[in-house]
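*Asks:* Submitted below is the structure of interest, expressed as structure tokens.
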């Protein structure tokens, strides 16, 4: 579904060039939920913008559903970190969720159905006529997620969507993403700086190195399919994976020589 | 070429292009001299005029009206704004009156002022002060209303008297708003100065433009209009420059914006 | 009870001022400041008498029509050009200095010129109003278009909102608070220009009428004219505020919400 090969992105700043991404190669198969994690400043958002067609890569290819990305591909929904600024403040919640569907030229009845279902799925069935600025941060992000869900996308990209939300709300939203993914089976790429979140959510975790950025490690998460905030995070396996990824990131930042070997598992893929 | 210098080059190109158009189009379309003379005719008429004492007297007259009216309006507007804004009862009681008087176009007073002052400089002054006063007053009221109550209470706790509080809490908060008010008032004052000269006939640039037009000197009229435009531009740029210096310490968050 | 007190506070000063005016001028012998009672007395005759031939119809309505026409054209021009210029940084850099010069010209200054070019009829007055009103609208539209939130713009791109839909649903709406500010400034300027153009050279209209009264020393009538002009300004301002509140309700709400954070 998502195929990134040799992705490279160089910015021209005032008097120097910044190589945000050097060489990224990984893929996401249909129906997978993959998390991308990396040290701060490693270009996670740049990667996501290249995938979403908002930025043109300097080199390499990005394929979505087998076709190269030259602009925002149809059938892709994006959820941004700044929920407050990605919702249209002059429209109500329901109108916000409905807007992309109107663009898709869907008939009225179908739109109403999709909006109602999506709002119910994120737990906002009773707030269709509220305005975004009347809602709390967590609820606003739910609206953004509902908008993505109602769009019935083939691919969903999420750029650190819960970074600006408080911890308890974050836990609820993480479970919301898992349940939506389980229900709809939409291919999802989730970018985050939170290691615990990446491991809790993902079937696979792609660990990025520090700048100049390459794929440091591509790790399969062999936790049980049913995840629970309390139980799953208490599993010893969770802690092992967490420690391993954390050590990898520290290694990427140049603070440690090599990550301890993960007992019992051979990590899939790696740099290069 | 960096973004900024590219912008400057494009800007210059725009002005140059416009000047070329203004020179070429009237000639190519053979427009009569009293409709749109070419730029060269306008410039030469203006250059000739600028050699006369009349011209500079007119500029001085307009400038004097404008400056005097502005100073009076700003002083009165800030004083009234601070007093009304700081006393809650006054604010509530005067709110409806201010809202009613504010939109009254100052030109409504023209006939009255003509009767009272004729074509003396005083008539223009009344119009200018009236129009500019409201701009300053309204912005000052916004500014006073924006004072952080916590800062006010803190000052009280530390024993700041009324005057000290006005000086250290209220005035710094109100400054950006007052600056905006002065900027708007400066522009309005110029408009009213020209208006008075045009409609009442008080001495000044407006009156010169009317005289040039009725005398058939269209190129000169265009030139004088350009001069008023430059006047306005200098005023605008000047006020903004002063604003930036005085408000160096402040992040601009104001009531009115842009134009 | 609170409502009564509020109501009282709103009306108190205006009522007091009117009363002071009434009584202070009651015994006035001054030529220029007749008793308010006399002014009120001549009001109906001056403006309403004559039905279809009343000044209301022959002067006020044409003035309003010219204002409406000029204002509408200025809005269309200003927003249209503003959208174009605001969306293209190159175009903006190219035109900005020239536009700033035009904007700085005090609109009354062009009245004599337009009289020479377009006579003293409706066309001249409409042109004057257009020339004066277009700049605040245009410049504010440019500022509003530039200030569209980049995250919102990215979101719109991702969901395939491009072209005319983008202008209508994203750019115009997002810039509307700024555009409305420009339109508000333009309205008060338009009223002034309407009156000036009529005072300077006209054969009918509100401004013309008031100046005629002054020239023929019909002082109480002149005062009624001043009052009518004042009322016009107030009514238009209130009307504008009403429409603004409907259109920008979301903006007020958003600002309130942010203030309390």
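The values are calculated or read from the model by the stated rules, or taken from the named source; none is laboratory data. All figures in this text were calculated on a predicted structure; none of them were measured in a lab. Positions of Cβ are generated from backbone atoms using ideal geometry, with glycine treated the same way; all protein chains shown enter the neighbour counts.
*Asks:* Has the range C:240-250 got at least one residue that is within 7 Å of another protein chain (Cβ to nearest Cβ), within 30 Å of residue A:86 (Cα to Cα) and surrounded by 19 or more Cβ atoms within 10 Å (Cβ to Cβ)?
*Replies:* For the range C:240-250, residues within 7 Å of another protein chain (Cβ to nearest Cβ), within 30 Å of residue A:86 (Cα to Cα) and surrounded by 19 or more Cβ atoms within 10 Å (Cβ to Cβ): present.
*Asks:* Can you name the residue in the range B:96-105 that is more than 7 Å from every other protein chain (Cβ to nearest Cβ) and assigned to a helix (DSSP H, G or I) and is also surrounded by the most Cβ atoms within 10 Å (Cβ to Cβ) among such residues?
*Replies:* Looking at the filtered set, the residue picked out is B:101.
*Asks:* What pairs come out if I take residues in the range C:207-219 that are more than 17 Å from residue B:116 (Cβ to Cβ) and pair them with residues that are at pLDDT below 85 and part of a helix (DSSP H, G or I) whose C-beta lies under 7 Å away, six or more apart or interchain?
*Replies:* C:209/C:55
*Asks:* With the range C:28-113 as the region, which helices (runs of 4 or more DSSP H) entirely inside it contain at least 1 residues that are within 8 Å of chain B (Cβ to nearest Cβ)?
*Replies:* On the way: elements: C:36-47, C:61-87, C:89-104.
Fully inside the range C:28-113 and qualifying: C:89-104.
*Asks:* Would you say residue A:165 is in contact (Cβ under 8 Å) with a residue 12 or more places away in the chain and either in a helix (DSSP H, G or I) or under 17 Å from residue A:43 (Cβ atoms) (or both)?
*Replies:* Answer is no for this residue.
*Asks:* May I ask you to list the residues in the range A:12-53 that are part of a strand (DSSP E or B) and in contact with a helix residue (DSSP H, G or I) (Cβ under 8 Å, 6 or more places away or on another chain)?
*Replies:* A:20, A:21, A:24, A:33, A:35, A:36, A:37
*Asks:* Right, here's the next one. Could you check how many residues of the range A:196-226 are surrounded by fewer than 21 Cβ atoms within 10 Å (Cβ to Cβ) and either within 15 Å of residue A:242 (Cα to Cα) or out of contact with any strand residue (DSSP E or B) (no Cβ under 6 Å at 6 or more places or on another chain) (or both)?
*Replies:* Selection size over the range A:196-226: 12.
*Asks:* Let me ask something else. Would you say residue B:185 is more than 17 Å from residue B:77 (Cβ to Cβ), in contact with a helix residue (DSSP H, G or I) (Cβ under 8 Å, 6 or more places away or on another chain) and part of a helix (DSSP H, G or I)? Break it down into steps so the answer makes sense when it comes.
*Replies:* Numbers: more than 17 Å from residue B:77 (Cβ to Cβ): no; in contact with a helix residue (DSSP H, G or I) (Cβ under 8 Å, 6 or more places away or on another chain): yes; part of a helix (DSSP H, G or I): yes.
Judged against the criteria, residue B:185 is not a match.
*Asks:* Taking the options B:59, B:114, name whichever one is facing another protein chain (nearest Cβ under 10 Å), farther than 30 Å from residue B:152 by Cα and assigned to a helix (DSSP H, G or I).
*Replies:* On the way: B:59 fails: facing another protein chain (nearest Cβ under 10 Å).
B:114 is the lone residue from the list that is facing another protein chain (nearest Cβ under 10 Å), farther than 30 Å from residue B:152 by Cα and assigned to a helix (DSSP H, G or I).
*Asks:* Something else about it: For the subset of the range B:201-220 comprising residues that are within 9 Å of chain C (Cβ to nearest Cβ) and surrounded by 22 or more Cβ atoms within 10 Å (Cβ to Cβ), which member is nearest to residue B:41 (Cα to Cα)?
*Replies:* B:218
*Asks:* Among A:74, A:89, which is on the phi < 0 side of the Ramachandran plot, part of a loop (DSSP other than H, G, I, E, B), out of contact with any helix residue (DSSP H, G or I) (no Cβ under 7 Å at 6 or more places or on another chain) and within 11 Å of another protein chain (Cβ to nearest Cβ)?
*Replies:* None of the other options fit; the residue is A:74.
*Asks:* Please pick out the residue among C:217, C:213 that is more than 18 Å from the chain's Cα centre (by Cα) and outside any helix (DSSP H, G or I).
*Replies:* C:217
*Asks:* Among B:76, B:53, B:88, B:67, which is the only one that is under 30 Å from residue C:16 (Cα atoms) and at pLDDT 85 or above?
*Replies:* Every option except B:76 fails the conditions.
*Asks:* Okay, next question. Could you check the range B:213-226 and list, in sequence order, the residues that are within 24 Å of the chain's Cα centre (by Cα) and farther than 22 Å from residue C:99 by Cα?
*Replies:* If the condition is that a residue be within 24 Å of the chain's Cα centre (by Cα) and farther than 22 Å from residue C:99 by Cα, then no residue fits.
*Asks:* With B:202, B:252 as the choices, which residue is closer than 27 Å to residue B:120 by Cβ and either part of a loop (DSSP other than H, G, I, E, B) or at pLDDT below 85 (or both)? Write out each step before concluding.
*Replies:* On the way: B:252 fails: closer than 27 Å to residue B:120 by Cβ.
It is B:202.
*Asks:* Something else now. All but one of (1) more than 30 Å from residue C:53 (Cα to Cα); (2) in a helix (DSSP H, G or I); (3) more than 9 Å from chain B (Cβ to nearest Cβ) hold for residue C:144; state the number of the condition that does not hold.
*Replies:* Condition (3) is where residue C:144 drops out.
*Asks:* Quick check: anything in the range C:115-132 touching a residue at least 24 places away in the same chain (Cβ under 8 Å), in contact with a helix residue (DSSP H, G or I) (Cβ under 7 Å, 6 or more places away or on another chain), more than 7 Å from chain B (Cβ to nearest Cβ) and closer than 18 Å to residue B:236 by Cα?
*Replies:* Within the range C:115-132 (the criterion being touching a residue at least 24 places away in the same chain (Cβ under 8 Å), in contact with a helix residue (DSSP H, G or I) (Cβ under 7 Å, 6 or more places away or on another chain), more than 7 Å from chain B (Cβ to nearest Cβ) and closer than 18 Å to residue B:236 by Cα), the answer is yes, since at least one residue qualifies.
*Asks:* Now a separate question. What's the number of the condition residue A:142 fails, among (1) surrounded by fewer than 24 Cβ atoms within 10 Å (Cβ to Cβ); (2) closer than 21 Å to residue A:85 by Cα?
*Replies:* Result: residue A:142 fails condition (1) only.
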